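Right, one structure below, let's go through it.
The values are calculated or read from the model by the stated rules, or taken from the named source; none is laboratory data. Nothing here was measured: the structure is a model prediction, and the numbers come from that model. Here the Cβ is made from the backbone with ideal geometry for all residues, glycine too, and neighbour counts use every protein chain on show. The accessibility values were calculated without ligands, DNA or RNA, using every heavy atom of the protein model including side chains. Shrake-Rupley method; radii C 1.70, N 1.55, O 1.52, S 1.80 Å.
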Amino acid sequence: MTDNQQVPFGSGMFQGQAKFVDYAHMNQQEVQVNTLDEPVMDTLLRDINMILYKLSYVIIPRMKETQGRKLRNWDLWGPLLLSLLLAMTLGINSNQSSDTIFGTIFIIMWGGSAVITVNAKLLGGQVSFFQSVCVLGYCVFPINVAAVLITFLQSYLGFFLRLIIVGAAFLWSTFSSLSFMSSMMNEEKKVISVYPIFLFYMFLSWFCIFI
Amino acid sequence: MDFGIQNQTDEQQQANKESSNQNVNEGNKKQSGCCAFLTVEFYTPYFNVTENDVIQRIQGTFLPLKPDFLNLIRGNPDLWGPIWINATLIFMITAIANLRQIDEEKENQSFVISYVPQATALLYIIAFGTPIVLAAVMKFLGVDLSFFQTICLYGYSMSTLLPITILCYFQNELFLWLIIVYGFANSSLFLIVNLKEELDKLQIQKKYIIIGIVVTMQLSLYLFYKLVFFSYVTE
């Protein structure tokens, strides 16, 4: 292995030829930045902080797009956790075929986000694929809250109370995702770019009424 | 508005690049052509509509006796309508079929999720599979209707089901059968009247083949609708 290569961390294994990261010859600074070597708690805490930071943007929807600049670092951990939570909540509460429900919700969430993003792209919007999937996934958080709430207060809530809670969650989700997505859409086709998002959250929230 | 200007210059640049590429490598054209339908750019021209266009096209389907639809979409068939009208229908079927089965007194009820995959399969196979079959048959028989126009025509004919699905909430059997029959008549007439102009150029037997395919698929769609999704609910 030659000395003149500063192999970036993590990519040592993925180069064309088999190379090993030569720890003995690295300087102290490089070792400190190596995320492969840090304690697991550090990695987890960093990711959790990132998720919570993004969730704070969902909880308090801000209309100005400039404030969301840090959200350009998309990640899919948050959407994964939220979709698992939603699918499990809805699946546990049904008496029959909970595995079908889990699978269907999961597919609707990820497939739906992908289809909405491709739709926005086809209509001429300037959307980046994973960024949009990330935003749509994070904005499912209010629907999650409504599902968990209805699960715990099941016997106390009649049909109309559930409708109100789920309706509020749906409006919250749609509003906060619109505050990010609408700036990326094509100006003259905004309604038909935004309608699928509306349909997507309506679909997911409707299941919560029937828990 | 900045995005609009950026779009145009991007498109111009792309067009220039494409023309220069074509001049340079003619031999590679076939290779990129065979997989072109897998790229996003291939489908972009078919999403060139605004909400007013969509509303106009949907309104056109509710008046089946005016053979205007093909003129409406001539030169600009869109795929947005077929895809999202069917997605809306899937949601409505799930929502309303489950609402129908709610009974306040019963304790142990849960929602039927099997409507979602069933509705998805049914609607998308009929909305996209039938036009493929129709277009192939029509090409074979010599009718000059482009593939995407057939998809557009068929997809928009599904919009008759939108109000019907909402009305299917009511429990009255006779009413349900009435509106199903009305929906079947409306959408079949819409399709046949709009295809008539193209079909008149053919001989009688060939015309009836195409009309037969159309009517059979519509019949199966509406029967499936009634018998599977909105069947009789025992009180």
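Summary table below
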{"quantity": "Interface residues, segment A:82-97 - accessible area loss of 30 Å² or more versus chain alone, probe 1.4 Å", "calculated": "A:ASN95, A:GLN96"}
{"quantity": "Förster-model FRET efficiency, 25 Å R0, B:THR216 and A:THR100, C-beta, rounded to 0.05", "calculated": "0.20"}
{"quantity": "Interface burial for B against A (accessible surface, 1.4 Å probe, total of both chains, Å², rounded to 100)", "calculated": "3100"}
{"quantity": "Two-site label geometry, A:VAL115 and A:LEU81: point separation in nm, points 7 Å out along Cα→Cβ", "calculated": "2.8"}
{"quantity": "Heavy atoms of B:LEU223: accessible area, 1.4 Å probe, square angstrom to 10", "calculated": "70"}
{"quantity": "Residue-span extension gain [B:ALA121 to B:TYR43] - 0.36 nm each, minus C-alpha spacing", "calculated": "25.9 nm"}
{"quantity": "Local electrostatic count at B:GLY155 - Lys and Arg +1, Asp and Glu -1, tallied over other residues with Cβ under 11 Å", "calculated": "0"}
{"quantity": "Filter on B:LYS196/B:LYS226; B:LYS66/B:LYS196; B:LYS66/B:LYS139; B:LYS139/B:LYS206; B:LYS139/B:LYS226; A:LYS121/B:LYS139 - keep pairs with C-alpha separation over 23 Å", "calculated": "B:LYS196/B:LYS226; B:LYS66/B:LYS139; B:LYS139/B:LYS226; A:LYS121/B:LYS139"}
{"quantity": "Shielded residues, segment A:119-152 - accessible-area loss of 50 Å² or more between chain alone and all protein chains, probe 1.4 Å", "calculated": "A:LEU122, A:GLN126"}
{"quantity": "Nitroxide proxy distance, nm - points 7 Å out along Cα→Cβ at A:ALA168 and A:LEU44", "calculated": "3.3"}
{"quantity": "Separation in nanometres of the label points that stand 7 Å from Cα toward Cβ, at B:GLN171 and B:GLN59", "calculated": "3.8"}
